[in-house]
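Since the structure comes first, as structure tokens, the remarks are kept for the end.
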Amino acid sequence: MPLDTSIKNVLIIGSGPIIIGQACEFDYSGSQAARSLREEGIKVTLINSNPATIMTDPLVADKVYLLPLTVESIEKILQENQIDAVLPTMGGQTALNLAMEAEEIGLWKEYNVRLIGVDTKAIDKAEDREKFRLWMIEMGIPVAPAKIANSLLEGKEFAQEIGVPLVIRPSFTLGGTGGGLVFHKEDLDAALERGLTASPIHEVLVEKAVIGWKEFELELLRDSADNVAIICTVENFDPMGVHTGDSITVAPAMTLSDTAFQLMRNTAIRMMRALGNFAGGCNVQFALNPETEEIIVVEINPRVSRSSALASKATGYPIAKIAAKLAIGYNLDELKNQITQTTSAYFEPALDYVIVKMPRWNFDKFKGADDTLGFQMKSVGEVMAIGRTFPEALQKACQSLENNATGLSFTSTTRLRPEELLETLKRPQWDRVFRIKEAIAAGISIKTIREVTQIDRWFLYQIQDIVNLEKQIKEIKHLQKMPVELLREAKLMGFSDEQIAELVSDCTAEEVYEFRKQAGITRVYKMVDTCSAEFEAKTPYFYSTFL
């Protein structure tokens, strides 16, 4: 279907102030969407209460309103402009909730404005926890045992039926706000009250916790002709129990069998096609039992998300840009692949590299804050690294955290005994990946660490490879005596020059650089082209690595 020529002016709703759970990721998506619409000759009007964003730059939109994200502000814009359509899928949960609020009071109907990209029925079906659960059951898609509660009493009654551990999931919130895990009965009341208060409709889902299951997320695009493409499959390093925004995530999925992937893929496509009037980007989260490969659906987000921004950068596929064009009428097969500029946008990217996203926290600035990671997101940012292998990408991500880590060799000022390390690993914290490395170096078995953390053995063995190589480097007393192949292996595994210098006695990073340069171990640049070189890339970007 070609461009809908009746759309002349689109209102984009931003995500508001930079808070934990929604920050520059939605600025990235909103800016992309605005540029995408203006390419088609459509006027873009933007509302966002946060001036510290790219999207509020006068060059991004035709008209920018720095106003509170309220229905009163929306009505003011509708009175002053001839708005034809509103695109609420680029501003996170804030934008979706505001669109729903405006719908409920009849604002869109009064000013003859239609929602594009998604309709209120689709939002309601995906974001209302009880409607989502019943929808999944109706489709025969497995979900965790759960029940909706609108009061403390209702929540407590169901909790007594299924027992702990439980997950409290408020409806219509972002970043897990108000949500949490309940391991002990005495913590139930406080968790329910927190969730009910956080939900704008005073509603929570009390759900049986599948702690220790693996978590995966599929990023998808769908057009109005029901074409669906899987853009990226993301695997969480941490198991269920840690919010995906607080987990180290990896793309493509590293430990997912083809059988399980096909089941997830088919399920996600069925969900997308049953969502209703929806054309744009979406993500579906799954939990997988590592023993049986049984899957359950956790949630679906009918909008672009933080994960969409990660998937765009990871694959080179501009999800928000294409999603905006789908919202104004185009189908996937009518759009061009932005990288090749010759093939169709209706394709699924192939990755010949590994992406690692690692969150960043600022617990030091919030003295007394609970630094346990759970269902409510606490990170204030994230870094993304690209490498040819998981260890390389992991170490590059560690080096980007701005916490003096030269790789996975970050050393805490607190040295722990093996038994203390194991006790620490039981509680997810920001530095758990570093503590895992310490535990392996201390001689604790992979089997024991797996039992304590529930992190997949494959990831633990990859970290063990880093530890083993580190031990070999430590045995080298003088840089000039280091075998060239050992140095090359270290660079292939993501060891920085500074990290190597710390492991070798009487040596500086500059000396390591000069030594490897003389040995012919120099940086090369590989292409991120979405197609693994199957088609020529016209606008690629690159990442550095070693051969």
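Every number here is computed from the coordinates shown, using simple stated rules; none is lab data. Remember, it's a predicted structure, so these values are computed and weren't measured experimentally. Note: ideal-geometry Cβ built from the backbone for every residue, glycine included; neighbour counts use all protein chains shown.
Between their Cα atoms, which of Lys365/Lys426; Lys109/Lys147; Lys8/Lys336; Lys357/Lys471 are more than 28 Å away from each other?
Numbers: Lys365/Lys426 24 Å; Lys109/Lys147 34 Å; Lys8/Lys336 22 Å; Lys357/Lys471 26 Å.
Over 28 Å apart, Cα to Cα: Lys109/Lys147.
Mind putting together the pair-distance distribution for the range 214-349? All Cα pairs, 10 Å bins, whole percent per bin, short to long.
Pairs per bin, as whole percents: 13, 45, 32, 9, 0.
State the dimensionless ratio Rg/Rh of the range 145-208 (Rg: radius of gyration of Cα atoms; Rh: Kirkwood radius). It would help to have the intermediate numbers written out before the result.
Numbers: Rg = 10.0 Å, Rh = 11.0 Å.
A ratio of 0.91.
Computed over the Cα atoms of the range 1-114, what is the ratio Rg over Rh, Rh following Kirkwood?
Details: Rg = 13.0 Å, Rh = 13.9 Å.
Here the Rg-to-Rh quotient is 0.94.
Tell me the relative contact order for the chain as a rounded percent, counting alpha carbon contacts under 8 Å between residues six or more apart. Each step should come with its number before you reach the end.
Details: 1108 pairs, mean separation 69.0, N = 547.
It rounds to 13 percent for the chain.
Take every DSSP beta bridge with both residues inside the range 1-97 and express the antiparallel ones as a percent of the total, to the nearest 5.
On the way: 1 of 12 bridges.
So the antiparallel bridges amount to about 10 percent of the total.
Taking 1 over the mean of 1/r across every pair of different Cα atoms in the range 94-246, what Kirkwood radius in Å do you get?
After inverting the pairwise mean of 1/r, the radius is 17.2 Å.
Which value results when the Cα radius of gyration for the chain is divided by 2.2 N^0.38 Å?
1.00
Tell me, how many Å apart are the Cα centres for the range 22-63 and for the range 83-111?
Their Cα centres are 16 Å away from one another.
Distance between Cα centroids, the range 241-258 to the range 275-328: provide it in whole Å.
Comparing the Cα centres of the range 241-258 and the range 275-328, I get a distance of 14 Å.
What GluC sites (Glu not before Pro) does the range 1-97 have in DSSP loop regions with at most 12 other beta carbons within 10 Å? Spell out each step's value before the answer.
Numbers: sites: Glu25, Glu39, Glu40, Glu72, Glu75, Glu80; in loops: Glu40.
Within the range 1-97, no GluC sites (Glu not before Pro) qualify (loop, at most 12 other Cβ atoms within 10 Å).
For Ala519 paired with Arg417, estimate the spin-label separation in nm (one decimal), with each label point 7 Å from Cα along the Cα-to-Cβ line.
For the pair Ala519/Arg417, the computed spacing is 3.9 nm.
Could you sort the peptides 6-14, 54-62, 272-280 by per-residue average Cβ neighbour count (10 Å cutoff), highest mean leading?
On the way: 6-14: 21.9, 54-62: 17.2, 272-280: 19.9.
My ranking of the peptides, most packed first, is 6-14, 272-280, 54-62.
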